[in-house]
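The values are calculated or read from the model by the stated rules, or taken from the named source; none is laboratory data. This one's a predicted model, so the numbers in the text were calculated from it and none came from an experiment. Because the Cβ atoms are built from the backbone with ideal geometry, glycine has one as well, and the counts that use them run over all protein chains shown. Please note that ligands, DNA and RNA were not included when accessible areas were found on the heavy atoms of the full protein model with its side chains. Shrake-Rupley method; radii C 1.70, N 1.55, O 1.52, S 1.80 Å.
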Amino acid sequence: MELFWIFLFSSVYPLAWGQGVYAPANAQIVHSGAACNVKDDNISERIYTIKEGDTLVLQCIVKGHPRPQVRWTKTAGSASDKFQETSIYNETLRIEGIQRVQGGRYYCKADNGVGVAAIKSIRVDVQYLDTPVLTVHQTISDVRGSYYQEKTVFLRCTVNSNPPARFIWKRGSMLIEQSKDNGVDIYEPLYTQGETKVLKLKNLRPKDFADYTCQVSVRNVCNIEDKSVTFRLTNATTPPMIRLSVNDTVVVDPGQDVLLTCEVTAGFPLPTVTWSRYPGPLPLSAQVRGPTLILRAVTPADAGFYNCSAVNNVGNPARKNVNLVVRTMGNLTFQITPDSNKDSETIQMGRDLKLSCHVDATPQDKVNYTWYKNGAPVFNSDSLILLRSDPDMAPGTSSLEIVDMKFRDLATYSCVANFPGSRVPELRVDVNISQNSVSPPVLSVPSGGQMVIVRERGNAELVCLVVDGKPRPPILWSRTEKDLLMPSGQTVVETPDGRLRLRNVSRDMMGTYRCQTAPYNGLNIKRREAQVQLNVQYPPILDPVFQDMRSRNYQMVTLRCTVLRSNPARLTDIRWFRNGDFIRMPMPDLKETPELKFKLEPTNNGSYECRVSNTAGTSTCTFNVSAQPYNAEFYFDTPNPVRILKGNNYSYNLQWTQRDPEATDRIIGYWINIRKNKQNLLSKLINLKGKEPEKGVLISHTISDLRIPLSYEVQLAPITTYSTGEYVTRIIQYSEPYTYPRPSDHVCGFEDERICGFSQDRSDIFDWTRQNHLTQNPKRSPNTGPETDRSGTREGYYMYIEASRPRVQGDKARLLSPLFNGTSVRGPKGSGRVPYCVSFYYHMKGKHIGTLNVLLRVRSIASVDSVIWTKSGHQGPDWKKAFFDISPSGPFQIVFEGVRGSGFEGDIAIDDVSITLGKCKQENTVASAVLIGGSHSLPLASWLTFGLSCFLSLLYR
């Protein structure tokens, strides 16, 4: 059972009863679930307190027509220092297992496009108490003039909680009080905001070696139990120390297994070793076995800093870090750089030449480069200079400089990259340096290739070729427009052959593309550059894509189809169609906005299409043109739409407004269909009798002979002289006529989830359960409990106690009525007490039936319960009625107490409860949905006083 608390706020806008269209107003926030407390603070702010891990349910109920759209947002709470926002478009916000960071102020905003949106808020305070952490810190200092050292121990207890926790220190089982022991000092460190308490043991004594317990409490707020932590202090207590089995940096090949061991060398109590990783969590394949971390078949994604921590809550944790580097390597590239001092782009004798070699690898500093000339190793000399790391190139680049080139330097040079200690094979690139093998590149776009035209969703190829030059470098493609990426999402794309292939081209790919020679795998000189224009053709973009047009019959209608954009811009054809058939008409001007004018008649209603074409394709504007009336719009804010009838029936006051009634022909009535389980129960014509609907004005119709507690599907469609509109559908539901706790004029049949304001007693053993025949457990105990509710309806609900396991004999479940303020109404003349009639039906079938007690709980300085009705044992298979009078001395509640019998065949049920003003009429046998008991004719002032007092008693109880 979920208990709903209802907050009533003052209206933002008054309710417009004479007119159906109005802005959102009368906002309420209804919330259910495990609320610990609901209160106002000193600035009249609503605060909803809930325990961490419970379920939060907030429902925003806002009046307004048309039905408002509700949006939930949230700002940061006390447990979070960041602004958070969640946009949830629903009347109900449900958070399973709420966490502390989800506390804060929740806003519901309702908007229906009329006037100003209605906004209400509530603050959610999440209560929690973590297990405390106890750490020990020791200090040793010399005492001057003595032969001993003073040893001081600090026991630091820290906890996260809301509200702030209370701390209790114990030595063994004895409470430690600072005023009774000069050897201890208890204090709160600065800047801890009540989260920490320190127990200082001064000049440690033998009796101080003991078990210490830090107990924290939030004083049972939200039923949160106390928590504690214990530490044993001995003369061997020492902080942890560790050492690692590997160096600070470990370099491994992909696919290799890695073992990292964190050995504990000191610490008492024995430290606990944990492994973590930065950035991110440990890999999924990681295995932790005691102090050892095992990584199987590592990949580059497993690289990072691995942290070993040893903790025994003494002193500071011991920590060590290992940097795990997983080798990666890319392609080996080369560069040929002519004498840059001479601004040369060719190889010339007597000038310098530099050959460079680079491989993208991790780690870069673990790559070794070796140079060969015609197969022989190259060593430093006056004419050949080796650079292990060329400062003019990218990091990790090795260069070979040829000084004052001679004919003897024309040769084949080889660069070999290897990775010491790795199983990765070496990489090699050969560069032939001769007068015929090296020449600058010439970049060319083929004739006609400067502009590439392609239709949207087609494929395109952009070509930029190196027609001359040795060696031929790859071509790099990029966009000329600033900040635009390539279709692949990269800034630069390399193509070895200079052909950029694009698939499924879209209009956002249109633009200018730049092609450049790469500075590697060729001459490292000024880049050669060219451009290619990509032109993407697409069909016309039209407005509107779809439009629903309504008009009166025999009125002129104009349809316009506007061309927003088109590539190519020149249109080739414009055609109009009605219901798929071509409309013959003079060829329209292709330079003007396509337009169709005609007189609407009952014979030419339908779907009209304007098809506009260019060489890239055809697009369509679609118009649904008719004299069919717009839909009706249901009004959901009808006050008390349900009326109870005889025979367990009810009626429903259905209300709606007509959207734009003047847009089409005069509406003369409505078709209404009543359905249940997709079967039509009633089809009826509602005749307006010559009165036309007005915009925003409510139309009402009472639907009778509905069965309690069934819900029904209602379909409604407007009718004109020429046509019928589309049906709109809503579900109407029976709801208990309960608003606030006062002596009820009606019976509570528990049909609504709010169960008329009844609630479960938190001090009992188990709860009453709400169910009907359809929600019964098919495996429930036979020969006990009712088959239907009191009225014999399978869909009807009732409250019952389940006697099956884990229930045992004597277990009690209590169901509490709302609080009634009986002192607000004067009793009969000569009496200070007011009589009430309590009436209900009970079902007690089964050989193990226990006891059903009805108690009167009177509120005063202390609540007093007294049994006013009781029944025990098997009472037969039928529902039976009980009623009796009470005259309470003050505010009161009725308590239904079910006591479990000796076995599982002991289910007890109750239904149709009423508490009415006045004594019971003995002849009262009226059905469950009508008045039970007598009534009193009271002055209006007395009823108002009574209602206000009842309302305040609920709000501040």
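Some points to look at:
- Charge tally around Leu387: other residues with Cβ under 14 Å, Lys/Arg +1 each, Asp/Glu -1 each, net -2.
- Segment 573-611 versus segment 194-231: alpha-carbon centroid distance in Å: 86
- Looking at the chain, the accessible area is 51 square angstrom per residue; that uses a 1.4 Å probe and ignores ligands, DNA and RNA.
- Using every pair of separate Cα atoms, the Kirkwood estimate puts the hydrodynamic radius of segment 338-433 at 14.1 angstrom.
- Take 753-766, 479-492 and order them by the average number of nearby Cβ atoms within 10 Å per residue, most first; the result is 753-766, 479-492.
- Peptide ranges 443-451, 58-66 listed from the most packed, as the mean C-beta count within 10 angstrom indicates: 58-66, 443-451
- Difference of contour (0.36 nm per residue) and Cα-Cα distance, Ser285 to Arg243: 12.7 nm
- Over all other residues within a Cβ to Cβ distance under 14 Å of Arg570, the charged ones net out to -1, with Lys and Arg as +1 and Asp and Glu as -1.
- Overall dimensions of the chain by Cα: Rg and Dmax, Å: 42.8, 135
- Quotient of Cα Rg and 2.2 N^0.38 Å for segment 133-232, N being how many residues it contains: 1.19
- Carbon + sulfur, % of accessible area of the chain - ligands and nucleic acids excluded, 1.4 Å: 49
- Along each principal axis, taking the top coordinate minus the bottom one, the Cα set of segment 442-537 gives 38, 28, 18 Å in descending order.
- In this calculation the C-beta distance from Glu481 to Gln733 is compared with R0 = 45 Å, giving a FRET efficiency of 0.15.
- Taking only the C-alpha atoms of segment 504-555, the Rg (one decimal) and the largest Cα-Cα distance, Dmax (whole number), read 24.4, 80 Å.
- Packing, taken as the mean count of other beta carbons within 10 Å per residue, orders the peptides 900-906, 274-280 from highest to lowest as 900-906, 274-280.
- Projected onto its three principal axes, the C-alpha set of segment 632-733 covers 42, 28, 21 Å, listed from the longest axis down.
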